[in-house]
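The structure appears below as structure tokens.
The values are calculated or read from the model by the stated rules, or taken from the named source; none is laboratory data. What you see is a predicted model, and the numbers here were worked out from it, not measured in a lab. Here the Cβ positions follow ideal geometry from the backbone for every residue, glycine too, while neighbour counts run over all protein chains shown.
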Amino acid sequence: MLTLYIANKNLSSWSLRPWILLKMLGTPFHEVVETFTTYGKSGNSYEKFKKFSPTGLVPCLQDGELLVWDSLAICEHIAEAYPAAWPQNKSARVWARSATAEMHPGFHALRSQCPMNCRPQTPIQHIDEALAKDLARIVELWESGLQSFSGPFLAGRRFTTVDAFFVPVALRVRNYKLPVSDLCQAWIDQVLALPAMQKWMEAALREVDPQA
Ligand SMILES: N[C@@H](CCC(=O)N[C@@H](CS)C(=O)NCC(=O)O)C(=O)O
């Protein structure tokens with residue numbers, strides 16, 4: 001049985017990626033939620049997370065004797081046992097891998113200005129140049145996937161790793177009321193309506209800030 005270590009569902013965008021992929025693949029796994037030491041502040045949970053994760057970060061996956069850390073490595077590990085984690089069509093798979101890799105270290109303005117939170121946030125009043133650049137690239141990327149592979153998901157008819165990687169962006173667009181095209185909005189509405197996402201968001205909304 002796989003064990004996936006994650007943090008608070010309201011806050012942890014990295015945790016959401018492998019979690020939603022496993023749910024969408026129908027893979028059974030044991031979920032362990034380790035809450036952040038200081039709610040809403042990053043970088044304070046190292047000692048706590050270091051007990052189960054070599055980097056002191058979540059997510060981290062235990063597969064028997066094997067320990068896999070980092071969301072992308074976890075999704076690649078899952079894909080070895082469940083090839084449906086990537087599109088079967090080669091050009092869709094190449095695109096999905098590239099878009100996923102682009103997401104992994106990128107979009108800093110979006111991440112820093114619109115931190116993950118499943119609750120509606122104060123809408124962004126001023127979209128600065130850096131955030132506008134991130135948003136324009138996201139729209140360009142999503143539209144290219146949706147148009148090239150005919151949807152309804154980013155790389156074709158099934159939900160794959162590339163959708164999992166961008167689901168936290170869908171939450172940010174919705175919760176900070178960021179402008180995107182109608183085509184992108186249709187993908188956002190669809191992924192946020194998935195029963196697994198509804199479950200994640202319900203759990204996130206039940207979480208309380210222990211410091212509040
Ligand atoms: N590149 C890593 C990033 C993981 C990461 O930054 N995780 C955050 C949670 S979303 C974390 O564990 N933070 C620990 C802390 O805030 O102390 C991945 O893809 O898994």
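Scanning the stretch 1-21 for residues that are assigned to a helix (DSSP H, G or I) and either of a type in the set (D, E, K, R) or at pLDDT below 95 (or both) gives a single hit, R17. Among the residues of the stretch 40-71, those that are crowded, with 18+ Cβ neighbours inside 10 Å and either touching a residue at least 60 places away in the same chain (Cβ under 8 Å) or more than 11 Å from the ligand (Cβ to nearest atom) (or both) comprise Q62, S71.
Listed here are the residues, each with its yes/no results for (1) assigned to a helix (DSSP H, G or I); (2) of a type in the set (S, T, Y); (3) surrounded by 16 or more Cβ atoms within 10 Å (Cβ to Cβ); (4) without any contact (Cβ under 8 Å) to a residue 40 or more places away in the chain.
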{"site": "N117", "(1), (2), (3), (4)": "no, no, yes, no"}
{"site": "P123", "(1), (2), (3), (4)": "no, no, no, no"}
{"site": "Q147", "(1), (2), (3), (4)": "yes, no, no, yes"}
{"site": "F159", "(1), (2), (3), (4)": "no, no, yes, no"}
{"site": "F165", "(1), (2), (3), (4)": "yes, no, yes, no"}
{"site": "V173", "(1), (2), (3), (4)": "yes, no, yes, yes"}
{"site": "A204", "(1), (2), (3), (4)": "yes, no, yes, no"}
{"site": "V208", "(1), (2), (3), (4)": "no, no, no, yes"}
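In the set (1) away from the ligand (no atom under 16 Å from the Cβ); (2) surrounded by fewer than 18 Cβ atoms within 10 Å (Cβ to Cβ); (3) on the phi < 0 side of the Ramachandran plot, E102 fails one condition alone, (1).
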